[in-house]
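So the structure is just underneath, and the comments pick up after that.
The values are calculated or read from the model by the stated rules, or taken from the named source; none is laboratory data. Because the structure is predicted, anything quoted here is derived from the model rather than measured. All Cβ positions, glycine included, derive from the backbone under ideal geometry; neighbour counts span all protein chains shown. Remember, those area values only see protein heavy atoms, side chains included, never the ligands or the DNA or RNA. Shrake-Rupley method; radii C 1.70, N 1.55, O 1.52, S 1.80 Å.
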Amino acid sequence: VSYDAAALVEPLACCVKVISQRTPIAPGDVVLISGPGPIGLMCACLARLSGARVVVAGTAADADRLKTAKEQGASYTVDVSQENVVELVQELTEGQGADVVADCGGSAGSVNQCLDAVRPLGAYAQVALIDHPIDVNFGRIVYKQLRVQGGISQNWSAWHKTLDLVRTGTVDLTQFVSHRLPLEDWETAFEGAENKVGLKYLLCP
């Protein structure tokens with residue numbers, strides 16, 4: 001495992017835990033990933049490995065990241081400020097809705113968008129960390145009889161699975177590295193990350 005890839009094993013392990021180990025994704029499923037940050041794109045990668053058609057949704061501010069999602073193999077990308085992602089998912093599924101949705105955005109809008117897009121008896125994965133109350137249409141969970149899975153951090157089995165994925169070349173973690181900067185430029189790296197410029201930043205001593 002290269003040093004660049006090793007630096008990103010931990011975030012991928014978090015995604016493996018919630019998406020690969022705890023969320024049921026079958027070949028041919030339609031999976032909606034809301035939020036095209038590094039974690040969202042890693043989740044999209046894992047969903048594709050499970051054989052799913054992946055839709056990645058973001059805002060106008062995510063234009064570059066949505067382009068990256070498409071380059072990495074997403075079946076569809078949606079700028080929600082320009083298109084209705086729920087309508088797109090309905091078209092793709094003949095009115096059924098997405099089999100699996102994953103919120104990687106962490107906002108009330110993203111969460112409720114996922115709840116609107118998922119099909120009855122579908123699966124909802126909460127990947128983004130939410131540390132404050134938000135307004136959620138909980139009736140969607142009840143009436144659609146959804147399976148809801150939260151996920152935080154990783155576990156030992158996720159570490160093992162992730163190292164296998166990286167070591168065998170099944171997942172190329174370097175595709176999530178957008179910037180490599182010397183250690184003395186740490187302020188530039190933190191500023192870029194906070195402003196959602198690019199994906200992951202590596203500080204190289």
The chain: most fluctuating residue of A98, A60, A158 per GNM, C-alpha cutoff 10 Å: A60
Roll a 1.4 Å probe over the protein heavy atoms and report the accessible area of L181 in Å², nearest 10. 40 Å²
Taking a ≥ b ≥ c as the square roots of the Cα gyration tensor eigenvalues, with a/c under 1.5 meaning rounded and otherwise prolate when a/b beats b/c, else oblate, which class fits the range 72-126? rounded
When only Cα pairs under 8 Å and 6 or more residues apart are kept, what is the percent relative contact order across the chain? 23 percent
Using the basic label-point model (7 angstrom from Cα toward the beta carbon), what is the I130 to E187 distance in nanometres? 3.6 nm
Return the carbon/sulfur percentage of the accessible area of the chain, one whole number, probe 1.4 Å, all protein chains in place. 52 percent
Fully extended contour minus Cα-Cα distance, from C204 to L163, at 0.36 nm per residue: 12.6 nm
Filter on K67/K144; K144/K200; K67/K161 - keep pairs with C-alpha separation over 30 Å: K67/K144; K144/K200
Could you report the chain's accessible area per residue, 1.4 Å probe, as an integer in Å²? 51 Å²
Residues of the range 97-132 with amide nitrogen under 11 Å from the 7 Å Cα-to-Cβ point of R22? 125-128
H179 accessible area, nearest 10 Å², 1.4 Å probe? 60 Å²
Any chance you could run the full-extension gain for T170 through E91? It's 0.36 nm times the residue separation minus the Cα-Cα distance, nm to one decimal. 25.4 nm
Just the ratio, please: alpha-carbon radius of gyration of the chain over 2.2 N^0.38 Å, N its number of residues. 1.00
Counting GluC sites (Glu not before Pro) as exposed when in a DSSP loop with at most 14 other beta carbons within 10 Å, what is the longest stretch of the chain free of them? 95-205
Residues meeting the amide H criterion for Q149 (H placed from the backbone, H to H distance under 5 Å, 5 or more places apart or on another chain) are Y124, A125, Q126
Using Cα springs under 10 Å in a Gaussian network model of the chain, which residue among V101, V142, V30 shows the largest mean-square fluctuation? V142
What is the local net charge at C104, summed over the other residues whose Cβ is closer than 13 Å to its Cβ (Lys, Arg +1; Asp, Glu -1)? 0
Work out the FRET efficiency for D79 and W156 from their Cβ-Cβ distance, taking R0 = 45 Å, and round it to the nearest 0.05. 0.70
Where is the GNM fluctuation largest for the chain (alpha-carbon springs, 10 angstrom cutoff): G58, G169, G151? G169
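Please compute, over every Cα-Cα pair in the range 29-130, the percentage with a separation greater than 24 angstrom. Don't skip to the answer; put the middle values down first.
Numbers: 421 of 5151 pairs.
Cα-Cα pairs of the range 29-130 separated by over 24 Å account for 8 percent.
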